[in-house]
Amino acid sequence: MHIVTLHDPSSPVQAQFVPDAGMIGVSLTDSGVQLLGQRRGLDAYVTDGKTMGIPVLYPWANRLGANTYRAEGETVTLVPGSNRVRPDPHGLPIHGVLAAYPRWRVVAESENELTAEVDFGADPELLSSFPFPHLLALTVRLSQRTLTLRTAITPTGNAAVPLCFGFHPYLQLPDVARSEWIIETPRLRHLHLDERGLPTGESSLQPAHEEALGDNTFDDGYDQVAEGAVFAVSGGGRRIEVHFELGYPAAQIFAPPGEDVVCFEPMAAPTDALRRGGYRVAQPGDSAIAQFSIRI
C-alpha cells in the first residue's frame, strides 16, 4: 500500500493517507505525537473493516435500519457480506461500501495536498448498493496546523445523488489520562436512539457545554449542527478542534468504553436518513461540496 505523507510547511504537523486502502487517514502527528487513534491498525481495517484513524463512511454514515431502502425512485436490497456491505452486531448495514476500497485514483499530489477520486458509475459492485452514478472526489490539505477534508459529489447520470455520508475521526491525547480530557460541544439537538442505535423520532435540545470525559461513554446522534460549529477535546496543554465548515448538519459523538479515543463525526445527514428521508441531494449538472477541518 502506498502511504502519502503531507507536510505542513509552517509547523511540525504531518498527516498520512492511503488512497488504495479507502483513502483513509492513518496518521496526524504534531512533533511526532500521534493524535489519531490507531485501534487495531491499518491491516485490520483492510482485512475486516475495523475502523481507525479517519475512515470515509460512504455513501451512508453509521447504520441503516434495514437491508432495504428506497431513495430517489430507486429501491435497493442490500446483502450484508456481499458487494462490500458490512453488518453491525444487529445485522444492519453499517458505514457504507468504501471501507478499504482499493480503486481510489490519485489525480493531484503536492507536499501538503492530495486529491483522489472514485467513479461510482464505473463500478457495478458499488452501483449494486448505491445505484446513483457520480464522481466522488476527496481533497485533503494540511496548512497552518489544520487538516482540511473537502468532499465533492458530482452526478454523472440523470439522477440526483443522496448525501448521507460522513467521516469518523478517532482523536486522542496520548500524553494525557482520558479522565483529564475536556470535551466541548456546540448547541445541538440530541436524537434519542433505540437499542440498535437508530433514531426513535424523539429528541431534546442540548445547549453548548463542556465536560470532563472521565469514564463517560458516548455513541450519540445529533442534528441541527450549525455551519461553522466547533467540537473540541483538550488536555495537558493541547487542544484539537473539529470544525464542521460546510455541508455537515448532523453528527455522532463516539467514545467507547475501555478506549482512549473520542470521535466527533461530521455527517451529511442523520443516521438512517437514506431510508427515512431528510437528506440533501447533489443535482445533475452540479456538484455538492462538504468540508470539515481538524485544527491542532
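Compactness of the stretch 135-235, taken as the C-alpha radius of gyration over 2.2 N^0.38 Å, stands at 1.34. Of the accessible area of the chain, computed with a 1.4 Å probe over protein heavy atoms only, carbon and sulfur atoms account for 46 percent. Ordered from largest to smallest accessible area (heavy atoms of protein chains, 1.4 Å probe), the residues E72, E180, E265, E125 come out as E180, E72, E125, E265. Within the stretch 172-296, all pairs of alpha-carbon atoms sorted by distance into 5 Å bins from zero give the percentages 2, 10, 19, 22, 19, 14, 8, 4, 1, 1.
Between H95, H209, H190, the Gaussian network model of the chain with springs among Cα atoms under 10 angstrom shows the greatest mean-square fluctuation at H209. Per residue, the chain exposes an accessible area of 39 Å² to a 1.4 Å probe, with every protein chain left in place.
Within the listed set P174, P270, P162, the residue fluctuating most in the Gaussian network model of the chain (springs between alpha-carbon atoms under 10 angstrom) is P174.
With contributions of -39500 (n - 2.57) from each DSSP H run of at least four residues, the per-residue ellipticity at 222 nm computed over the chain stands at -1000 deg cm²/dmol.
Can you tell which of R280, R70, R189 shows the greatest fluctuation in a Gaussian network model of the chain with Cα springs below 10 Å? In the Gaussian network model the winner is R70.
Cα-Cα pairs above 13 Å in the stretch 45-109: how many percent?
66 percent
With Cα atoms as the point set, the chain shows a radius of gyration and Dmax of 18.0, 52 Å.
The values are calculated or read from the model by the stated rules, or taken from the named source; none is laboratory data. Nothing here was measured: the structure is a model prediction, and the numbers come from that model. Quick note on the areas: whole protein, heavy atoms, side chains included, nothing else; ligands and nucleic acids left out. Shrake-Rupley method; radii C 1.70, N 1.55, O 1.52, S 1.80 Å.
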